[in-house]
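Enquirer: Input: one structure, supplied below.
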């Protein structure tokens, strides 16, 4: 089984990916951390030095590599992963794609509490982080909604149980 977690930055893809991996005893990969390890630099540095398009190509190659290298895996994607290089179609053809959805206010609160705005290159623009998130949601949600399943994580008492239920494990 291969499970791909998608959603906005700060929604909890990495956290829920680790929880799901532990519950299923399946390998867990955070795609951004994998890319940073391969490139031996941070995502913001890749954006700064090479631009977003170069990063998206690296991201696509890393996604393909991990799909081919693992019989089973839980993979948390970067927020933009599904939008580029036919990644959504690739993930859907190889496993289950789960869109972790939360209200913008819940995501903003979480990002503020964890200094998450400072850590992410997309928030280093002149607009307010809140406006950037709103714009990202408008741009990305049509693609996110193509996922096999949508989990509204801020409306559930135990999102992990719901993920396990839809995966029927």
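The numbers here are math on the coordinates, done by the rules we state, and not lab data. Since we're looking at a predicted model, the values are computed, not measured. Cβ: placed from backbone, ideal geometry, glycine included. Neighbour counts: every protein chain shown.
Enquirer: With the radius of gyration and the Kirkwood radius both derived from the Cα set of the chain, what is their ratio Rg to Rh? Could you put the intermediate results ahead of the total?
Expert: Details: Rg = 15.1 Å, Rh = 16.2 Å.
Rg/Rh: 0.94.
Enquirer: If I take all pairs of Cα atoms in region 13-54, what percentage of them are more than 17 Å from each other?
Expert: Working: 372 of 861 pairs.
Of all Cα-Cα distances in region 13-54, 43 percent exceed 17 Å.
Enquirer: Between region 30-81 and region 131-169, what is the separation of their alpha carbon centroids in Å?
Expert: 21 Å
Enquirer: Looking at region 1-71, I'd like the Rg to Rh ratio, where Rg is from alpha-carbon atoms and Rh is Kirkwood's inverse mean 1/r.
Expert: On the way: Rg = 12.9 Å, Rh = 13.2 Å.
Rg/Rh for region 1-71 comes to 0.98.
Enquirer: Let's test the formula: R0 of 25 Å, r as the Cβ-Cβ distance of residue 61 and residue 104. What FRET efficiency results, to the nearest 0.05?
Expert: On the way: r = 31 Å, r/R0 = 1.25.
Computed FRET efficiency for residue 61 and residue 104 comes out at 0.20.
Enquirer: Over the Cα atoms, compute the radius of gyration (one decimal) and Dmax (the largest Cα-Cα distance, rounded to a whole number) for region 14-111, in Å.
Expert: Using the Cα atoms of region 14-111, the pair Rg, Dmax is 13.9, 38 Å.
Enquirer: Determine the relative contact order of the chain: mean sequence separation of Cα pairs under 8 Å and six or more apart, normalised by residue count, in whole percent.
Expert: Details: 216 pairs, mean separation 55.4, N = 169.
After rounding, I find 33 percent.
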